[in-house]
Amino acid sequence: MIRRRPFTRLFLLLLLAVAGWVWHERVNLQAFPDIIAAYTAKEYCSCRYVANNPADYCRGYVKQYVPTSAFSDNPERSEVTASGLGRTHTARWMGERQGCRLVP
Amino acid sequence: MVRGLLCVALLLVTVAARAETWPDKEWAKGALLAGPAVDALNAYAFPPRDDATRQGIRTDALLVIRDGVVIYERYAAPTIASTPHLTWSISKSLMATVLGVAYGENRFKLTDPAARFYPPMKQHPTVTMADLLHWASGLDWQEDYEYAPLKSSVVAMLYTRGRGDMAEFAADTERAAAPGQAFRYSSGDSNILSAALKGMLGHKAYMSYPWDVLFKPLGIRNATWETDADETFVASSYAYLTARDLARVGLLMARNGRWGDQQLLPQEWVAFNRQPFDSYKAGQDEAVPGGHWWLNREVQGAARPWPDAPADTFAALGHWGQALYVMPDEHLVIVRYGDDRDGSYRHNELLKRVLAAVQP
């Protein structure tokens with residue numbers, strides 16, 4: 001048995017290990033895809049509306065190795081929305097003192 | 001006769017006090033530095049900037065104050081003198097300074113458990129204010145930023161699971177070691193301090209406290225301090241100040257917590273900020289932790305972190321090259337903002353070149 005299907009066994013063992021790791025890291029893995037959209041929305045909002053930097057500079061400033069798929073900056077509402085890895089997040093400028101914050 | 005002597009003494013003290021320069025609405029400008037040493041400083045701090053690769057040293061602002069007077073100031077676009085720049089973890093030392101005022105108002109003692117002011121810390125009832133200020137809560141915190149985003153507690157706190165209530169997220173971290181026994185740099189510890197301050201003051205007073213007790217007295221007019229959704233200041237990361245305004249905090253620290261004739265911070269508080277944490281092991285971090293400030297001190301026989309800077313140098317440091325350096329004996333305050341993405345910037349090299357440039 002062992003000699004006949006060594007690869008199947010190895011594969012199953014590997015699968016089990018991966019499944020174990022996924023279970024162990026389930027909370028982190030579930031939140032992981034949110035990072036890029038949340039980071040981009042929040043840090044762009046602050047770059048633009050707190051630090052008052054130009055829009056094109058802020059786009060470059062928030063660029064990371066993970067790409068974003070959609071992005072919108074609504075200056076009338078001081079609201080920035082970004083999407084990436086299938087998740088979308090929005091940050092809003094709250095005022096002079098409190099700056100930007102991700103909206104729930 | 002005695003009265004006459006007293007008058008003379010009083011006059012001398014007054015003259016000495018007058019001789020001290022403080023910024024008013026603007027900083028006084030002295031003779032600006034020039035010469036080959038300044039060229040060497042410029043060459044290090046402001047090399048041609050590559051926005052495509054984002055490699056190398058990318059200084060946004062460099063400001064040098066001596067004796068309360070601006071002697072060097074330079075910015076790189078788009079940062080200008082009026083830009084409130086993100087300070088990242090300099091915010092931690094700013095929170096320590098705000099806490100110093102609260103300490104002077106007898107709102108807490110260093111030995112107080114944080115749980116006294118912030119109930120979620122009842123999970124860790126023996127963690128004291130001093131432990132948090134030393135980044136020694138003993139909580140199992142992962143401080144990596146972009147290189148280990150899956151496991152990073154900071155990234156989860158700022159952007160995903162923790163962002164609604166960052167202090168609670170930090171307080172919910174499991175214990176890894178006994179509090180106060182070991183240094184472990186943690187943005188979570190700083191945000192628990194911020195929540196503890198809120199507990200001392202109540203929500204309403206807390207929301208204006210940094211402005212009321214620190215920014216306004218120092219003449220800082222446009223500071224932003226972002227909060228989480230629970231309206232707790234993100235003490236770990238999100239204070240924004242112009243370089244000139246951050247230098248005011250530096251001058252306050254250089255002069256031992258005094259601003260003009262007002263002792264804003266108790267001297268013993270500044271002494272605590274500048275006292276190395278005794279359980280810190282040399283080499284654990286890029287500088288020696290004091291009470292939420294970074295020190296250039298020899299510990300356990302190891303060399304100073306910045307050998308070319310004097311031993312009394314202390315600093316507030318932040319991600320991507322943000323720094324506020326204070327050298328009390330040299331009467332120097334240096335603000336350096338940057339956008340360094342590759343870690344090639346060296347504090348010691350910059351300080352060495354600033355010190356060479358300010359020599360008469």
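The values are calculated or read from the model by the stated rules, or taken from the named source; none is laboratory data. On a predicted model such as this, the values are computed, not experimentally measured, just so you know. Please note: Cβ atoms are built from the backbone with ideal geometry, for glycine as well, and neighbour counts cover all protein chains shown.
Quick rundown of the values:
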{"quantity": "Conditions (1) under 17 Å from B:Leu324 (Cβ atoms); (2) free of Cβ contacts under 8 Å to residues at least 60 places away in the same chain; (3) out of contact with any strand residue (DSSP E or B) (no Cβ under 6 Å at 6 or more places or on another chain); number of the one not met by B:Arg74", "calculated": "(3)"}
{"quantity": "Filtered residues of the range B:227-241 (kept if at the interface with chain A (Cβ under 8 Å from one of its Cβ atoms) and β-branched (Val, Ile, Thr))", "calculated": "B:Thr227"}
{"quantity": "First in the range B:257-269 and within 19 Å of B:Val333 (Cα to Cα), second anywhere and of a type outside the set (Ser, Thr, Tyr) and at pLDDT below 95, Cβ under 9 Å, 6 or more apart", "calculated": "B:Gly260/B:Ala17; B:Gly260/B:Glu20"}
{"quantity": "Which numbered condition B:Tyr72 misses (of (1) closer than 30 Å to A:Glu96 by Cβ; (2) part of a helix (DSSP H, G or I); (3) aromatic (Phe, Trp, Tyr))", "calculated": "(2)"}
{"quantity": "Residue that is surrounded by the most Cβ atoms within 10 Å (Cβ to Cβ), among those in the range B:81-131 that are over 17 Å from B:Phe215 (Cα atoms) and under 15 Å from the mean Cα position of the chain (by Cα)", "calculated": "B:Ser89"}
{"quantity": "Matching residues in the range A:49-104 - criterion: being facing chain B (nearest Cβ under 8 Å), in contact with a Phe, Trp or Tyr (Cβ under 8 Å, 6 or more places away or on another chain), under 25 Å from B:Arg49 (Cβ atoms) and of a type outside the set (A, V, I, L, M, F, W, C)", "calculated": "A:Asn53, A:Tyr61, A:Gln64"}
{"quantity": "Flag for B:Lys352 being more than 17 Å from the chain's Cα centre (by Cα) and either buried (at least 21 other Cβ atoms within 10 Å of the Cβ) or not in a helix (DSSP H, G or I) (or both)", "calculated": "no"}
{"quantity": "Those helices (runs of 4 or more DSSP H) lying entirely in the range A:3-50 with at least 2 residues crowded, with 22+ Cβ neighbours inside 10 Å and in the same structural domain as A:Gly86 (by TED's automatic domain parsing)", "calculated": "A:34-45"}
{"quantity": "Residues of the range A:51-69 classified as closer than 19 Å to B:Thr59 by Cα and β-branched (Val, Ile, Thr), total", "calculated": "1"}
{"quantity": "Qualifying residue in the range A:72-80 (condition: assigned to a helix (DSSP H, G or I) and of a type in the set (Val, Ile, Thr))", "calculated": "no"}
{"quantity": "Residues within the range B:20-37 that are in contact (Cβ under 8 Å) with a residue 12 or more places away in the chain and not in a loop (DSSP other than H, G, I, E, B), tallied", "calculated": "3"}
